[in-house]
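Each remark here refers to the structure printed beneath this line.
The values are calculated or read from the model by the stated rules, or taken from the named source; none is laboratory data. Quick caveat: nothing in here was measured; it's all calculated off a predicted structure. We place every Cβ from the backbone using ideal geometry, glycine too, and count neighbours over all the protein chains shown. Note: areas computed on protein heavy atoms with side chains; ligands, DNA, RNA excluded. Shrake-Rupley method; radii C 1.70, N 1.55, O 1.52, S 1.80 Å.
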Amino acid sequence: MAKDKTLDDLFLDTLKDIYYAEKQILKALPKMARAADSEEGKAGFLQHREETQGQIERLEQVFELLGKPARGKTCEAIQGIIAEAEEIIEEFKGSVALDAGLISSAQAVEHYEIARYGTLIEWASQLGLTEAVPLLKANLAEEEATDKKLTQLAKASANTKAKG
Ligand SMILES: [Fe+2]
Ligand SMILES: [Fe+2]
């Protein structure tokens, strides 16, 4: 019964959500790297793909701490964000605005992840899951650093180039 559900259930549900999302992101990043015009953009997406692999492993450690199988739960939010990125690739391919568009999509992904990890860290500490907290914080730190790098890339080159 839904009546009996507690913060434990919310935590596990949200963990499954971000686990699914990270796996989708892992598949999307090479496509974004291939599409990107600039070498920095390509390299940035590939580097974050490597990090994402490590993030998935940390999430698997959190599942293990809970004694639950690592299983994703379909996340429509990330599906939508990735679908929009694919739309940008399709519609802006070959244009000067492509990289600015790709960066904006990537930042939407990062902000979704940042929101999820912020919540999971708070809930993990509420629930006394002290070993899960540093794992989740490590993922959050990588998402925040990626978001900052994307902002720098947009400001340093992609946005001005996009003006044509
Ligand atoms: Fe991630
Ligand atoms: Fe990320």
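Some observations on this one:
- Tail beyond 28 Å, pair distance distribution of the stretch 2-162 (Cα, percent): 25 percent
- In a simple Cβ point-charge model (Lys, Arg +1; Asp, Glu -1; nothing else charged), the stretch 1-160 has a dipole of about 160 debye relative to its Cα centre.
- For the stretch 20-37, backbone nitrogen atoms closer than 15 Å to the point 7 Å from Thr74 Cα along Cα-to-C-beta are found at 20-21, 24.
- A 1.4 Å probe run over the chain, with the rest of the protein chains in place, finds 55 Å² accessible per residue.
- Accessible area of the stretch 2-162 belonging to carbon and sulfur atoms, whole % at 1.4 Å probe: 52 percent
- Proximal lysines to Lys137, defined as alpha-carbon separation beneath 29 angstrom and excluding residues fewer than eight positions away on the same chain: Lys5, Lys16, Lys23, Lys27, Lys31, Lys42, Lys68, Lys73, Lys148, Lys149, Lys155
- Top of Leu46, Leu129, Leu153 by mean-square fluctuation, Gaussian network on the chain, Cα under 10 Å: Leu129
- Summing charges over all other residues whose Cβ lies under 11 Å from the Cβ of Glu84, with Lys and Arg as +1 and Asp and Glu as -1, gives -4.
- Cut-off of 10 Å, at most 15 other beta carbons, DSSP loop: longest stretch of the chain lacking such trypsin sites (Lys or Arg not before Pro): 94-162
- Treating each Cα of the stretch 83-152 as an identical point scatterer and summing with the Debye formula, the log10 of I(q)/I(0) at q = 0.12, 0.22 Å⁻¹ comes to -0.42, -0.87.
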